[in-house]
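Student: A single structure is presented below for examination.
What follows draws every value from the coordinates through simple rules; no lab data is involved. Not measured: the values here are computed from a predicted model. Virtual Cβ from ideal backbone geometry, glycine too; neighbours counted across all protein chains shown.
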Ligand code: F6P
């Protein structure tokens, strides 16, 4: 059954939120803490190894109650059950959205077109396990009998970002294989990677759901040509495998059927790292760790599906985005992991969130008259403190931020970890409290500067504070906890889409540029006139061709 379609702005809860916003917009977070001694405890959700403190957000119990009413008014419960049971909730592409099925236990039943898909999911997982074990143990040899030392994942978008982010994040758990990622059609990208590699000891994993993507096919073709400069055609089967839904095109590319790891169209590219798209992850960290990643995600699935909204981490987190986006007019959200391992996490979420919820048409096909998807950005702390935190503290924009940190560090350097986490705590405190005029004055009073100088400096040194943050504190970065964290954001994306009444699982917005690039490429290759373009584009093309 299709998702229901409710314009959120017509609901009673939205109207209540509008008037409630008027009473809360001027309130300072400090005041909210001063008037409620239980605030921190009441607005914290403890679940498994996650401690999620929402209390430094500009909300009260009443805000939360109204937001949860909104979730009920748009029938979120019904949508969640459709999501998990395989209804065609990606209606514009006529597909179910079942990345959750990829991490479900063997006993689960999920039907697509009348067939329980779980046995096939497990068949593919077994294939991933078998292949991983053969490569990691050295049993799978290259054409010349040498063992594989390097893996190159060739893919882009969801066929790159998820595996690349997870492999980087879980590098502590890695085995001896070196894993590389080639994504950009920029030929310098693949050339920089292969210049360090020997074809005899390298395994290439071509990942493309559609197997039509220009970047991936160009890279795969160029890399294969480089490979064939030193090894014969028969060697390809020992060194090239592919992950795709498009089996015919993979075979036409020259990859043996045995070397194809299939995926299904009910897995969206940006949610596909749990499928065979995760092959590079499994190779890099071993199948058991890959399985733990999936188990973690499944635990978060259960939490999301079965927990009351008030205690539900992805639901509250998504509703807060709606609160800031649609009532405070905040345009972006920052993701700040206090872990260098999560260096690529914000980049990964940019695709997940912005490709999903960057939509201006609602589920009835009408142009919305309210804001939808937010701009996502971020970098790890503490580096980001020395880069863009100035703007979050003293700029003119409201930027709600998620702070992600771990109680234990992996290498166990307590001195560094305490320094790192003291910055995490201090920044959320500073963003909330700011620094008042009185505090600045008392700070300046101990200095020898003249009174006149002090007065001049005063306005620049004041921090207004009242900047919202959510603190996500996790025991330790493990495959399982990372699985939970990723799944948390996946469900957040889903809830946002339901509230905004948009379709989160298509991505037509990326097509137009691709189409135009095809036309321009023909012109660049053939040297024909670019006269049908606007004058700016035409001049640029001409300048490129003739300079
Ligand atoms: O950029 C659009 C997109 O379709 C993404 O959604 C997808 O992850 C990426 O291209 C790669 O697609 P494919 O896996 O089919 O090569």
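Student: Please report the spacing between the Cα centers of segment 457-491 and segment 281-323 in Å, no decimals.
Tutor: Using only Cα atoms, the two centres lie 16 Å from each other.
Student: As I understand it, the value is the acute angle between the Cα axis of helix 313-326 and the longest principal axis of the Cα atoms of the chain; what does it come to in degrees, rounded to 10?
Tutor: Relative to the chain, helix 313-326 is tipped by roughly 70 degrees.
Student: If you don't mind, there's one more thing I want to ask. For the chain, what is the calculated [θ] at 222 nm in deg cm²/dmol (nearest 500), taking -39500 (n - 2.57) for each run of four or more DSSP H residues and dividing by its residue count? Provide the component values of the computation, followed by the final result.
Tutor: Working: 22 runs with 251 residues, N = 547.
After summing the helix terms and dividing by the residues of the chain, the value is -14000 deg cm²/dmol.
Student: Can you list the residues of segment 286-315 with backbone N under 14 Å from a point 7 Å past the Cα of residue 175, pointing along Cα to Cβ?
Tutor: Taking a point 7 Å out along Cα→Cβ of residue 175, the residues of segment 286-315 whose backbone N falls under 14 Å are 286-291.
Student: To continue, here is another question. Among 305, 39, 545, which comes first, then next, by fewest other beta-carbon atoms within 10 Å? Write out the running numbers ahead of the final one.
Tutor: Details: 305 15, 39 19, 545 11.
With the fewest neighbours first, 305, 39, 545 line up as 545, 305, 39.
Student: Cα convex hull of the chain: mean projected area in nm², to one decimal?
Tutor: Working: hull surface 123.2 nm².
Quarter of the Cα hull surface area: 30.8 nm².
Student: Helix 451-461 versus the longest principal axis of the chain: what is the Cα-based angle in degrees, 0 to 90, to the nearest 10?
Tutor: Long axis of 451-461 versus the principal axis of the chain: about 40 degrees.
Student: Starting from the eigenvalues of the Cα gyration tensor, five times each then square-rooted, give me the equivalent ellipsoid semi-axes of segment 117-290, largest first, whole Å.
Tutor: Working: eigenvalues 89, 68, 54 Å².
Square roots of five times the eigenvalues give 21, 18, 17 Å.
Student: Right, another one. For a footprinting-style exposure proxy, rank 19, 208 by other Cβ within 10 Å, fewest first.
Tutor: 19, 208
Student: Need one number: nm distance between label points at residue 425 and residue 137, each 7 Å from Cα along Cα→Cβ, rounded to one decimal.
Tutor: With each label point 7 Å from Cα toward Cβ, the separation is 4.8 nm.
Student: Take the Cα of residue 394, step 7 Å along the line toward its Cβ, and report every residue of segment 447-467 whose backbone nitrogen sits under 17 Å from that point.
Tutor: 453-467
Student: Calculate, in nm to one decimal, what residue 111 and residue 62 gain on full extension: separation in residues at 0.36 nm each, minus their alpha carbon distance. Display every interim value, and only then the final one.
Tutor: Values: separation 49, 0.36 × 49 = 17.64 nm, distance 3.98 nm.
The span from residue 111 to residue 62 would gain 13.7 nm if fully extended.
Student: Specify the angular offset, from 0 to 90 degrees and rounded to the nearest 10, of the alpha carbon long axis of helix 214-228 from the longest principal axis of the alpha carbons in the chain.
Tutor: 40 degrees
Student: Next up: Roughly what % antiparallel, to the nearest 5, for the DSSP beta bridges in the chain?
Tutor: Numbers: 14 of 44 bridges.
So the antiparallel bridges in the chain amount to around 30 percent.
Student: Given labels modelled 7 Å from the Cα in the Cβ direction, how far is it in nm from residue 516 to residue 75?
Tutor: Between residue 516 and residue 75, the label points sit 3.9 nm apart.
Student: When only Cα pairs under 8 Å and 6 or more residues apart are kept, what is the percent relative contact order across the chain?
Tutor: Working: 894 pairs, mean separation 98.7, N = 547.
Result for the chain is 18 percent.
Student: To the nearest Å, what is the center-to-center distance of segment 130-181 and segment 386-426, using C-alpha atoms only?
Tutor: Taking the Cα centre of segment 386-426 as reference, the centre of segment 130-181 is 31 Å away.
Student: Still on this model: Between residue 234 and residue 331, what's the calculated FRET efficiency when r is the beta-carbon distance and R0 is 51 Å? Round to 0.05. Present the calculation step by step, with values, prior to reporting the outcome.
Tutor: Working: r = 55 Å, r/R0 = 1.08.
Efficiency, rounded to the nearest 0.05: 0.40.
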